[in-house]
1. Over its Cα atoms, what ratio of radius of gyration to 2.2 N^0.38 Å does region 245-290 give?
2. Quick one: angle between helix 312-321 and the longest Cα principal axis of the chain, in degrees between 0 and 90, rounded to 10, please.
3. Would you mind checking the tilt of helix 280-295 against the longest principal axis of the Cα atoms of the chain, expressed as 0 to 90 degrees and rounded to 10?
4. Give me the compactness ratio for region 240-328, meaning the Cα radius of gyration over 2.2 N^0.38 Å.
5. Please report, to two decimal places, log10 I(q)/I(0) for region 191-242 at q = 0.14, 0.31 Å⁻¹ as given by the Debye formula with identical point scatterers on the Cα atoms and no solvent.
6. For n ≥ 4 DSSP H runs only, could you compute -39500 (n - 2.57) per run for the chain, divide by its residues and tell me the 222 nm figure to the nearest 500?
7. Using Cβ counts within 10 Å as a stand-in for footprinting exposure, how do Phe103, Phe166, Phe276 rank, fewest first?
8. What angle do you read, to the nearest 10 degrees and between 0 and 90, between the alpha-carbon axis of helix 162-173 and the longest principal axis of the chain?
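No lab work stands behind these numbers, since they all come straight from the coordinates. Please read these numbers as outputs of a predicted model, since none were measured by experiment. Positions of Cβ are generated from backbone atoms using ideal geometry, with glycine treated the same way; all protein chains shown enter the neighbour counts.
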Amino acid sequence: MLAAFYTRTGPAREVLELGEQAAPVPAKGEVLVRVRASGINPADVKRRAGWRGMAMEHALAIPHTDGAGEIADVGAGVDRTRVGERVWLWNAQGGYGTAGRAFGTAAEYVAIPADQAVPLPRGLSFEAGACLGVPAMTAYRAVFADGSVDGQTILVNGAAGAVGHFAVQLARAGGARVIGTVSNDLAASHAWAAGAWEIIDRKRDDVVAHVHEITEGEGVDRVVEVDFAANRLSDIAILKANGTIASYSCSSDPEPLLPYYAFANKGANLRFIQGFNIPAASRRAGEAMLARLAEEARLHVAIGAAYPLRQIADAHEHVECGSLGNIVVSV
């Protein structure tokens, strides 16, 4: 099969290669998927780059944890009626801190545990399906990890980002009113289209003052946080008593100092979200919600760009530069 791969970490254009690799054979409990689209997440780019000293876990790695395609074959113990099923994939490589699997979705075929191949809802393209594994499910966990948000006010920091854009939609569908922060007018339009109730330009506006103004001093019940280190002080300033900050990233400073009593005096809850490590029950609930919203044409998957597999280095560099919408590779 044709696959992208790397044997050492480093810059995309220096380490990513394209060539023939042995096609996988599904083991017991696995399905073989003909990959049609492979989603690229910041985690995939960081793993390939050797972020913070991250070392190679295998002699050769095919990148990307997310993807979508059709089931071409099944291993022992898997119902053969699944052959031909359109599916989206999650955790093809595994999460941070684990050896995971060597072979991800940037290839014509991938073998993966059957429950990690989820039926792709009608109306969603393979490119859209390739964006559900990390971005959409991380957003679901960040919004609903502590139960219903009906009637709550939620702040989504980075509302135009891959996770944030889904978080706005899911929180809105769950009955919350959503405030989003963005950094420019184009991002604001993107977040408005997702269903935000109010948008704050963090580069122009005082986020704390604006939130207190529009909530009449009450603050927010929950913050979905893209960078805890950068926003922790403003987050706690706008959080209601006993509210929750659900943070899924902290890239500006992986070891932030925590102002303990600012959090403790409000009885604040700090929840860390790891999209690679979502509890099974929450994952099943998230998959069901995504399917329902897709069937109702209420789930918008923003595709920023789609590259052919031979341009995978360009695609990785696009992710590193940032953009509106998810970046995918067509296989």
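1. Details: Rg = 14.2 Å, N = 46, 2.2 N^0.38 = 9.4 Å.
Computed over Cα atoms of region 245-290, the ratio equals 1.51.
2. Between the helix axis and the principal axis of the chain, the angle is about 10 degrees.
3. Helix 280-295 and the main axis of the chain meet at about 90 degrees.
4. In units of the globular-protein estimate, region 240-328 measures up at 1.51.
5. Calculated log10 I(q)/I(0) at the listed q: -0.36, -1.40.
6. Values: 11 runs with 96 residues, N = 331.
Calculated at 222 nm, the ellipticity per residue is -8000 deg cm²/dmol.
7. On the way: Phe103 24, Phe166 29, Phe276 20.
In increasing order of surrounding Cβ atoms, one gets Phe276, Phe103, Phe166.
8. Orientation of helix 162-173: about 60 degrees from the principal axis.
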